[in-house]
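Working notes, beginning with the structure itself.
The values are calculated or read from the model by the stated rules, or taken from the named source; none is laboratory data. Keep in mind the model is a prediction, meaning the values are calculated, not measured. With ideal geometry, Cβ positions are generated from the backbone for all residues, glycine too; neighbour counts draw on all protein chains shown.
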Amino acid sequence: MNERRVGIVMNGVTGRMGLRQHLERSIVAIREQGGLPAADGTMIIPEPILVGRNELKLRRIAEQHGLTRWTTDLSEALAEPDVEIYFDSSLTQLREKGVRAAVEAGKAIYCEKPIAESLDAAIDLARLVRDAGLKNGIVQDKLSLPGLRKLKRLVDGGFFGRILSVRGDFGYWVFEGDWQEAQRPSWNYKLEEGGGIILDMFCHWRYVLDQTFGQVKSVYCQGATHIPTRVDEQGNEYAATADDSAYGIFELEGGIIAQMNSSWATRVFRDELVEFHVDGTEGSAVAGLRNCRAQHRSATPKPVWNPDLPATEKFRDQWATVPDNEVFDNGFKVQWEMFLRHVVDDAPFTWDFVEAAKGVQLAELGLQSWREGRKLEVPALDLGGHL
């Protein structure tokens with residue numbers, strides 16, 4: 001069987017997401033399954049070159065996965081003759097520099113979000129890859145989660161009738177780092193290092209809302225730094241200068257109202273770390289990372305408010321489980337396979353840098369809304385020229 005080996009510079013693989021989701025559960029998994037079939041039957045074999053700042057970590061990761069190519073020099077990696085794709089999951093504040101280097105080297109580019117720290121920078125990168133004629137993509141992994149795919153199936157099938165509202169709840173308690181080690185790196189809580197939950201999660205909520213329910217038309221956001229002091233990886237106390245929680249209200253096309261709570265300072269009392277509750281005239285559904293439950297209009301009970309008596313109904317038991325009906329692969333791997341086919345076969349990949357800029361736009365407007373205490377419209381992006 002013919003093979004097409006595709007060199008991929010993977011910048012940021014020593015980080016949590018870059019290592020676990022993108023390297024181990026995507027690229028290594030594709031290699032272990034024998035590659036990915038292209039349109040003509042050729043097997044696409046990804047050949048990763050690991051890039052990061054810590055030589056010891058890179059060597060250890062490479063040895064663990066039977067890989068031989070790694071370097072702390074990005075320009076050296078981009079100069080390798082077989083490299084076709086640059087992937088970036090490095091720190092947000094470093095991403096723009098890496099993308100510009102990849103554009104200069106003429107590579108296809110696939111990136112984690114946010115694409116940049118500001119909308120101006122995100123738009124500039126979108127223009128840059130457009131003018132260079134380079135294939136480009138942004139990770140929008142939530143769309144490939146089993147729970148959200150089942151929810152989208154309900155939307156596309158008309159289950160909800162007219163959708164009225166979406167209520168999303170995301171988050172968990174991130175330890176402060178003193179008596180228990182924090183689960184997230186300290187830069188997440190430093191504004192000066194690109195941290196903050198609004199910049200992080202509003203990029204996700206933009207594509208989830210846009211592509212599942214309807215385009216976001218306005219935003220009102222209240223942010224907060226609930227935990228003002230944390231302890232870093234070296235055991236040093238530091239001031240948390242970035243927001244750790246955000247409470248957003250979004251108006252979508254069609255009159256849909258979406259509420260999204262995002263917090264790294266909440267303890268979980270729900271079935272999954274993120275849940276979306278959707279109400280419509282004909283039915284409702286609750287979707288998480290993997291599961292989705294629904295209640296049709298015809299099966300909706302008629303509860304009566306009576307605070308003087310204990311509840312006798314088990315409300316959760318009144319919902320039906322939405323079946324899988326298909327095999328769900330890892331969401332990051334699914335999008336990697338799509339991007340590889342985009343590069344090799346010119347297959348469609350709609351999640352480009354324009355979509356990436358939309359996410360940064362919503363985050364920037366959310367921060368502005370918080371500062372000014374008012375609702376803001378979300379205008380159409382103007383990148384200049386036709387994309």
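The table below gives the values:
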read-out: Residue count, the range 182-228 (criterion: outside any helix (DSSP H, G or I), more than 16 Å from GLY15 (Cα to Cα) and either of a type in the set (D, E, K, R) or within 13 Å of the chain's Cα centre (by Cα) (or both)); value: 2
read-out: Qualifying residue in the range 280-290 (condition: crowded, with 20+ Cβ neighbours inside 10 Å and not small (Gly, Ala, Ser)); value: yes
read-out: Selected residue [crowded, with 24+ Cβ neighbours inside 10 Å, without any contact (Cβ under 8 Å) to a residue 40 or more places away in the chain and assigned by TED's automatic domain parsing to the domain that holds ARG341] from ARG100, ARG95; value: ARG95
read-out: Conditions (1) over 28 Å from TYR110 (Cα atoms); (2) modelled with pLDDT of 95 or more; (3) of a type in the set (Ser, Thr, Tyr); number of the one not met by THR312; value: (2)
read-out: Residue match in the range 107-115 (condition: small (Gly, Ala, Ser) and outside any strand (DSSP E or B)); value: no
read-out: All strands (runs of 3 or more DSSP E) inside the range 1-106 with 1 or more residues being among the aliphatic types (A, V, I, L, M) and within 18 Å of the chain's Cα centre (by Cα); value: 3-11
read-out: Single match in GLU282, GLU272 (criterion: touching a residue at least 40 places away in the same chain (Cβ under 8 Å), in the same structural domain as GLY177 (by TED's automatic domain parsing) and within 25 Å of the chain's Cα centre (by Cα)); value: GLU272
read-out: Checklist (1) hydrophobic (A, V, I, L, M, F, W, C); (2) out of contact with any Asp or Glu (no Cβ under 8 Å at 6 or more places or on another chain); (3) farther than 14 Å from THR14 by Cα applied to LEU36, failing item; value: (2)
read-out: Residue, nearest to the chain's Cα centre (by Cα), within the range 286-337, restricted to residues that are closer than 30 Å to ALA39 by Cβ and of a type in the set (Phe, Trp, Tyr); value: PHE332
read-out: Qualifying positions in the range 323-377 - of a type in the set (S, T, N, Q), farther than 15 Å from GLU112 by Cα and surrounded by 14 or more Cβ atoms within 10 Å (Cβ to Cβ); value: ASN330, GLN361, SER369
read-out: Flag if ASN236 is surrounded by fewer than 21 Cβ atoms within 10 Å (Cβ to Cβ) and under 20 Å from the mean Cα position of the chain (by Cα); value: no
read-out: Residue that is farthest from ARG16 (Cα to Cα) [pool: residues in the range 339-352 that are part of a helix (DSSP H, G or I) and out of contact with any Gly (no Cβ under 8 Å at 6 or more places or on another chain)]; value: ASP345
read-out: Top-ranked residue in the range 39-64 [being touching an Asp or Glu at 6+ places or on another chain (Cβ under 7 Å) and aliphatic (A, V, I, L, M); ranked as farthest from PHE87 (Cα to Cα)]; value: ALA39
read-out: Criterion violated by ILE249 - all others in (1) touching a helix residue (DSSP H, G or I) at 6+ places or on another chain (Cβ under 7 Å); (2) within 19 Å of GLN211 (Cα to Cα); (3) among the hydrophobic types (A, V, I, L, M, F, W, C); (4) part of a strand (DSSP E or B) satisfied; value: (1)
read-out: Filter result (out of contact with any helix residue (DSSP H, G or I) (no Cβ under 7 Å at 6 or more places or on another chain) and part of a loop (DSSP other than H, G, I, E, B)) within the range 288-311; value: THR300, LYS302, PRO303, VAL304, TRP305, ASN306, PRO307, ASP308, LEU309, PRO310, ALA311
read-out: Top-ranked residue of the range 62-78 - restricted to ones that are free of Cβ contacts under 8 Å to residues at least 40 places away in the same chain and of a type in the set (A, V, I, L, M, F, W, C), ranked as nearest to LEU19 (Cα to Cα); value: ALA62
read-out: Test: residue in the range 77-90 that is in the same structural domain as GLY18 (by TED's automatic domain parsing), modelled with pLDDT under 95 and either out of contact with any strand residue (DSSP E or B) (no Cβ under 6 Å at 6 or more places or on another chain) or crowded, with 22+ Cβ neighbours inside 10 Å (or both); value: yes
read-out: Residue under evaluation ARG293, criteria (1) farther than 16 Å from CYS203 by Cβ; (2) out of contact with any Ser or Thr (no Cβ under 7 Å at 6 or more places or on another chain), criterion not met; value: (2)
